[in-house]
Amino acid sequence: MPEQTPADFDVLLDRIAATARAEIGKGQVADYIPALARIPAGKFGIAVCAVDGAEWTTGDAREAFSIQSISKVLTLLLAMETIGPDAVWSRVGREPSGTPFNSLVQLEGERGIPRNPFINAGALVVTDCLTAQTVSPAYQLLTMARRWSGNPDLAFDESVARSEAEHGHRNAAIAHFLKSQGNLKSKVEDVLHVYYRQCALAMSCLDLARAFLPLANKGQTLDGRSLIPPLRVKRVNSLLLTCGLYDGVGNFAFRVGIPAKSGVGGGIVAVIPGRYSICVWSPELDELGNSLPGTAALEAFTDATQSSIF
Ligand code: DON
């Protein structure tokens, strides 16, 4: 097939959607957070934003869903901005974990320093960096997400946050373990309160693709304002490539070949440096917690547009 160019994208996204929808029925909607189990499995949307300002969408791209772990990228950027990168990296590593996102096993042997900021343990430490430093971290995150997406109506889905809190024994265990190892400064309850809220932020594919566009655009907004220093863009995109999909990251790099972050709400947001940000949403997950149809769609996109970074 010849390389697809932006002129063909409306047709291309519809074709990718048709192919990726064939994966629906092969995965499992997350049910360990009961509020997520109610989301219809047939949802499917894609949004693409280009660094020249063009945008394309298909399917349910404008419907808000629970961004879950995708929020960990926003809190990382916020923490790096608020307390500085060195203060973050003294408490969190930068290596893939090779373990499930909610695993505890490495913490004990590694002095409570989580392998990276995207596994739950690392994200809890990053959230603690904010909780220990600022009065209202959840509100700061919300303000940032509203500004970066250009959508002033973004909100936390409190029913999802409550549902996770009621069933969050594993995250509570991780947080207590971190506390016992001296790598959590705030109270466990305070960190978990913010963490469940950040995961319950509701955004659409289009909101997320817009919010992540600076990571594809040397840290700049479409009108040339600098949101993220270029060195930080390089580093965060590298972390997305190596740690963004947990123990599925190698297979994702093999198939799709771009930096990305998944969430158990079924979203995957990805960055194609110098060209596009792209977000796919479809709630059925593979056994590692990454959207099955979403991965298929992103693979089809980078193949058709020859836009893998490799
Ligand atoms: O802490 C949790 O388990 C969820 N709030 C987030 C996990 C998640 O999204 C993992 N991503 N694929």
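A few comments on the model shown:
- In the range 23-34, the residues that are in contact with a helix residue (DSSP H, G or I) (Cβ under 9 Å, 6 or more places away or on another chain) and more than 16 Å from the ligand (Cβ to nearest atom): Glu23, Ile24, Lys26
- In summary, Asp31 fulfils each of the numbered conditions (1) assigned by TED's automatic domain parsing to the domain that holds Arg146; (2) surrounded by fewer than 21 Cβ atoms within 10 Å (Cβ to Cβ) with the single exception of condition (1).
- Checking Ala138 against (1) over 17 Å from the mean Cα position of the chain (by Cα); (2) in contact (Cβ under 8 Å) with a residue 24 or more places away in the chain, the condition it does not meet: (1)
- Exactly one residue out of Ser163, Ser136 is polar (S, T, N, Q) and within 13 Å of the ligand (Cβ to nearest atom), and it is Ser163.
- Any chance Ala121 is within 18 Å of the chain's Cα centre (by Cα), within 15 Å of the ligand (Cβ to nearest atom) and under 30 Å from Pro229 (Cα atoms): yes
- Cross-chain or 6+ apart pairs with Cβ under 8 Å, the range 284-310 first and under 12 Å from Ile258 (Cα atoms), then of a type in the set (Asp, Glu) and surrounded by fewer than 18 Cβ atoms within 10 Å (Cβ to Cβ): Gln306/Glu3
- Every test in (1) on the phi > 0 side of the Ramachandran plot; (2) modelled with pLDDT of 95 or more; (3) under 12 Å from the mean Cα position of the chain (by Cα) is passed by Tyr246 save one, and that test is (2).
- Residue in the range 15-22 that is part of a helix (DSSP H, G or I), in contact with a Gly (Cβ under 6 Å, 6 or more places away or on another chain) and either closer than 30 Å to Val125 by Cα or not charged (D, E, K, R) (or both) present: yes
- Only a single criterion out of (1) surrounded by fewer than 24 Cβ atoms within 10 Å (Cβ to Cβ); (2) closer than 19 Å to Ala202 by Cβ; (3) assigned by TED's automatic domain parsing to the domain that holds Asp190 is not satisfied by Arg62, namely (3).
- Test for Ser238: is it in contact with a Gly (Cβ under 7 Å, 6 or more places away or on another chain) and of a type in the set (S, T, N, Q): no
- Summed over the range 143-160, the residues that are surrounded by fewer than 17 Cβ atoms within 10 Å (Cβ to Cβ) and within 13 Å of the ligand (Cβ to nearest atom) give a count of 0.
- Test: residue in the range 3-22 that is farther than 20 Å from Asn171 by Cα, away from the ligand (no atom under 16 Å from the Cβ) and basic (Lys, Arg): yes
- For the range 179-201, the count of residues that are among the charged types (D, E, K, R), on the phi < 0 side of the Ramachandran plot, touching a residue at least 60 places away in the same chain (Cβ under 8 Å) and in the same structural domain as Val135 (by TED's automatic domain parsing) is zero.
- Among the residues listed as Leu201, Leu208, the single one being modelled with pLDDT of 95 or more and away from the ligand (no atom under 11 Å from the Cβ): Leu208
- Any hit, the range 207-221, residues being surrounded by fewer than 17 Cβ atoms within 10 Å (Cβ to Cβ), of a type in the set (A, V, I, L, M) and part of a helix (DSSP H, G or I): no
- Only one of Gln198, Gln133, Gln106 that is polar (S, T, N, Q) and within 15 Å of the chain's Cα centre (by Cα): Gln198
The values are calculated or read from the model by the stated rules, or taken from the named source; none is laboratory data. Everything numeric in this text was worked out from a predicted model, so none of it was measured. So basically every Cβ, Gly included, is an ideal-geometry build from the backbone, and we count neighbours across all protein chains shown.
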